[in-house]
Amino acid sequence: MEEPAPVKCIHTRSSATDPRKQRTVLQWRNVSMGGSTSVQHLPLPPSLRFGRRWILLVSFLISTIFGILSALSVSYMMFSLCRMLSGVGLMGMTLISITLALEWTDVSHRTFCGTISSLSWTAGYMLLALLAYLIRDWRWLLLAVTSPCLLAIATWWWVPESARWLLTKQDFVTAHRYLSTCAKMNGKQDFQLKISPEVLQKIVTVECRKYNFWDLVKTHQLRKNTLCLGIMWFGVAFSYYGISFNITSFSLNPFLTHFIFGAIEIPAKIGVFLLLDRIGRKLCQGGSLLTTGVFIALTSLIPTGMENTRSVMAILGKGFSEAAFTIAFLYTAELYPTVLRQTGLGFCSFMSRLGSSLAPLVILLEDVWVFLPHIIFSCMSLISGAAAFLLSETSQVQLPETIQDIEMDRNQAPFTDADRDLSSDSSNRPEDRSMPAESSPNTSHGPETMRHVL
């Protein structure tokens, strides 16, 4: 009897133990990943213009609406389009929420915010395995995993706008209101007595210009950061999803493997939290990527008869790859200034989604040579780890506000004339605000103001 067409896997959930069904599953994963890659950076420019908070709400709504429509799809084209648009909302939610959280966190608590708080991702990863095991119909599964977006929309009303972003937009009254609320919650009752909106306007240096993706490569240090971070993010996602998608090559049940892959992230993130402030971001980021590459290589060297050992190596590699992913979000946010932070994260996320989209295709190369995918994943992880070591250290350093903060404060080196022209070319425009007389031309007073609050 002739085998049914693989496309029928879209109507019935399967454990995908058959190679042909596994290929179909990989193709469907590429639908969602491809959507995130092609247009995931679209929410970012609006967030620079309209703020983090409102675009976060739009991202929640997009993910909810198109997540529900995905479950109601009646054709492959409808499903593909809905998953693509759902990916837009998903990446907007992820990047904007991380940026917003870090911009409201002081130096001493930034590591905690960037690592331990990401355990919510791990909880969702583990819960997905349980839901997929209990709900075998893919339509109901999509509805189940989309439903938390409704809770997120309900909690949005208590989310404050970024005071740092408000200051860059010269909305000193609104920024002062949010800062006053934050100061009151932190027990600093004298903030309103010491700093009024008028005082805030005088002590905060603002660069009044519009920024775009081109600004990521205009100056020397930003150009170096963008290049290294692009390679690093590609390798992080490439290895992470390469291990995550290849679960059927191990001896365990796919649902159990997926759950264990999520559980291993808990000790990985706790370890990252304990090490980041002790040995620094750069060593943690580069070391976790290099270790991931080593474990992936070891997985390919273990004989096929030792499936349990191969599973252990893969699980350890997954743990270190998740550590690299966790550090990457925090590290990247610290390397870009407030005026370009969302733009930089958007570029890096694009590179990560490019890596995650290619990972399922590389897995298919095992038909050519069974060890070829492992070699490719391992080599890319090692290359991205080497790129991470070329970045600057950001541990225990205030978040940069302007391009000048990146080029001077972080490097202890003066601007070149070309860099100064490129990053400050708006200072001569009539609509730009002149800096206070007591301010240095390359100094931002945003961090000093935040210290009075956080």
**Study point:** Pair list, Cβ under 6 Å, 6 or more apart: region 199-213 residue open to solvent by 30 Å² or more (accessible area, probe 1.4 Å) and at pLDDT 70 or above, other residue in a loop (DSSP other than H, G, I, E, B) and hydrophobic (A, V, I, L, M, F, W, C)
**Key:** TYR211/VAL339; TYR211/LEU340
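From the list GLU438, GLU407, which one is surrounded by fewer than 18 Cβ atoms within 10 Å (Cβ to Cβ) and modelled with pLDDT under 85?
GLU438
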**Study point:** Test: ILE98 is of a type outside the set (Gly, Ala, Ser), crowded, with 19+ Cβ neighbours inside 10 Å and at pLDDT below 85
**Key:** yes
Review point. Among the residues of region 229-240, how many are open to solvent by 20 Å² or more (accessible area, probe 1.4 Å) and either modelled with pLDDT under 90 or out of contact with any Gly (no Cβ under 9 Å at 6 or more places or on another chain) (or both)?
Key: 1
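Are any residues in region 159-180 closer than 24 Å to ALA333 by Cα and in a helix (DSSP H, G or I), and if so, which ones?
Those that are closer than 24 Å to ALA333 by Cα and in a helix (DSSP H, G or I): ALA163, ARG164, TRP165, LEU166, LEU167, THR168, PHE172, THR174, ALA175, HIS176, TYR178, LEU179.
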Check your understanding: Can you name the residue in region 65-95 that is open to solvent by less than 20 Å² (accessible area, probe 1.4 Å) and touching a Cys at 6+ places or on another chain (Cβ under 7 Å) and, of all such residues, is nearest to ALA152 (Cα to Cα)?
Key -> GLY67
Check your understanding: Quick check: anything in region 333-351 buried (at least 24 other Cβ atoms within 10 Å of the Cβ), within 26 Å of PHE255 (Cβ to Cβ) and modelled with pLDDT of 90 or more?
Key -> no
Study note, to complete from the structure: Taking region 291-320 and keeping only residues that are touching a residue at least 60 places away in the same chain (Cβ under 8 Å) and open to solvent by 60 Å² or more (accessible area, probe 1.4 Å), one is left with VAL294
Review point. Taking SER381, is it over 25 Å from PHE112 (Cα atoms), hydroxyl-bearing (Ser, Thr, Tyr), modelled with pLDDT of 90 or more and within 20 Å of the chain's Cα centre (by Cα)?
Key: yes
Review point. Are there any pairs with C-beta distances below 7 angstrom linking a residue in region 74-89 that is under 30 Å from ARG53 (Cβ atoms) to a residue that is open to solvent by 50 Å² or more (accessible area, probe 1.4 Å) and outside any helix (DSSP H, G or I), with the two at least 6 apart or on different chains, and if so which?
Key: VAL88/LEU42
Study note, to complete from the structure: Exception for VAL370 within (1) more than 18 Å from TRP233 (Cα to Cα); (2) open to solvent by 20 Å² or more (accessible area, probe 1.4 Å); (3) outside any loop (DSSP other than H, G, I, E, B) falls at (3)
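The values are calculated or read from the model by the stated rules, or taken from the named source; none is laboratory data. As the structure is a computational prediction, the values presented were derived from the model and not from experiment. Quick reminder, even Gly has a Cβ in these numbers, built from the backbone with ideal geometry, and neighbours come from all protein chains shown. Accessible surface areas use protein heavy atoms only, side chains included; no ligands, DNA or RNA. Shrake-Rupley method; radii C 1.70, N 1.55, O 1.52, S 1.80 Å.
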